[in-house]
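Let me begin by presenting the structure, written as structure tokens, before commenting on it.
The values are calculated or read from the model by the stated rules, or taken from the named source; none is laboratory data. Fair warning: this is a prediction, and the values are worked out from it, not measured in the lab. Here the Cβ is made from the backbone with ideal geometry for all residues, glycine too, and neighbour counts use every protein chain on show.
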Amino acid sequence: MNPDLWLFHAINNRGTWIVFDWSMPIISKLQYFVPILVLLLLWLAFRDGRRGRITIACLLVLVPVTDQVSSHVLKPAFSRPRPCRPEAGLDHVIVRAHCSGRGSFPSSHAANIGAVALLFALRYRKRRVAFIAALCAFLVGYSRVYLGVHYPSDVLGGWSLGGLLGGAVAMGARWVERRRFPPPPPAADHA
């Protein structure tokens, strides 16, 4: 058995736990996190100054681009059936969420959260922020496999795409900040 299928079955079948049965569907649904996201955006807009507003602008570009590339470019190009679909031909798949008929590779959930996580890690450069971002990305990716709707390689592909795009947007934001808001010249010493 190839490592991707082995790991899929290890997480989806053998890694079951009652706590995961109720928590993973929640982790995988954006609507449960809307209040937290609204508070985060308000904090970024009003408490974090220019850096926060630039981060919001980055998010407004990054998330739709990442989602469109993963959903409308790569999924049709790879046309890989999800493990929960009959055409995948897998036995013993425990499906714990809606199984979309859209392609499996890459995971759009993993791509989007990976992009956002790397953007925050690069924009805020604090261990705590990087840890929370990485933990969120890991949990969302793990949930997709646990729920039976993606293979581990779909999640890795999504994280890779998200990391590429998130890193590019973070670098673009840094470039814009340096060009648009250069640091003031050092004060002349009048001795």
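Which number in (1) closer than 21 Å to ILE26 by Cα; (2) under 10 Å from the mean Cα position of the chain (by Cα) marks the one condition that GLY166 misses?
Going through the list (1) closer than 21 Å to ILE26 by Cα; (2) under 10 Å from the mean Cα position of the chain (by Cα), GLY166 breaks only (1).
Taking the range 83-128, which residues are under 17 Å from GLY167 (Cβ atoms) and either among the hydroxyl-bearing types (Ser, Thr, Tyr) or out of contact with any helix residue (DSSP H, G or I) (no Cβ under 6 Å at 6 or more places or on another chain) (or both)?
VAL116, TYR124, ARG125
Given the criterion charged (D, E, K, R) and under 19 Å from the mean Cα position of the chain (by Cα), identify the matching residue among ARG128, ARG174, ARG80, ARG85.
One residue alone meets the criteria, ARG128.
Suppose the filter is touching an Asp or Glu at 6+ places or on another chain (Cβ under 8 Å) and buried (at least 19 other Cβ atoms within 10 Å of the Cβ); does SER28 pass it?
no
Considering the range 114-146 alone, what residues qualify as being within 19 Å of LEU59 (Cβ to Cβ) and basic (Lys, Arg)?
Residues satisfying the conditions are ARG123, ARG125, LYS126.
Looking at (1) free of Cβ contacts under 8 Å to residues at least 40 places away in the same chain; (2) over 16 Å from the mean Cα position of the chain (by Cα), can you tell me which one HIS92 breaks?
Unmet for HIS92, out of (1) free of Cβ contacts under 8 Å to residues at least 40 places away in the same chain; (2) over 16 Å from the mean Cα position of the chain (by Cα): (1).
Identify, from the list PHE131, PHE120, PHE138, PHE105, the residue that is in a helix (DSSP H, G or I), under 25 Å from LEU5 (Cβ atoms) and among the aromatic types (Phe, Trp, Tyr).
The match here is PHE138.
Are any residues in the range 43-56 of a type in the set (A, V, I, L, M, F, W, C) and surrounded by fewer than 13 Cβ atoms within 10 Å (Cβ to Cβ), and if so, which ones?
TRP43, PHE46, listed by residue number.
Among the candidates ALA137, ALA170, ALA117, single out the residue that is out of contact with any strand residue (DSSP E or B) (no Cβ under 7 Å at 6 or more places or on another chain), touching a residue at least 12 places away in the same chain (Cβ under 8 Å) and surrounded by fewer than 22 Cβ atoms within 10 Å (Cβ to Cβ).
None of the others qualify; the one that does is ALA170.
Across the range 45-86, what is the total count of residues that are charged (D, E, K, R) and modelled with pLDDT under 95?
The qualifying residues number 5.
Can you confirm whether the range 169-189 contains a residue that is touching a helix residue (DSSP H, G or I) at 6+ places or on another chain (Cβ under 8 Å), closer than 30 Å to HIS92 by Cα and part of a helix (DSSP H, G or I)?
No, there is no match, as no residue in the range 169-189 is touching a helix residue (DSSP H, G or I) at 6+ places or on another chain (Cβ under 8 Å), closer than 30 Å to HIS92 by Cα and part of a helix (DSSP H, G or I).
Going by the structure shown, is PHE33 within 18 Å of the chain's Cα centre (by Cα) and not in a helix (DSSP H, G or I)?
No, not satisfied.
Identify, from the list ASP4, ASP67, the residue that is in a helix (DSSP H, G or I) and either closer than 22 Å to LEU118 by Cβ or without any contact (Cβ under 8 Å) to a residue 40 or more places away in the chain (or both).
From the options ASP4, ASP67, the qualifying one is ASP67.
When you go through (1) farther than 17 Å from HIS9 by Cα; (2) in a helix (DSSP H, G or I) one by one for ASP154, which number turns out not to apply?
(1)
From VAL73, VAL34, grab the single residue that is within 16 Å of ALA110 (Cβ to Cβ), of a type in the set (A, V, I, L, M) and loosely packed, with under 12 Cβ neighbours inside 10 Å.
Answer to the selection: VAL73.
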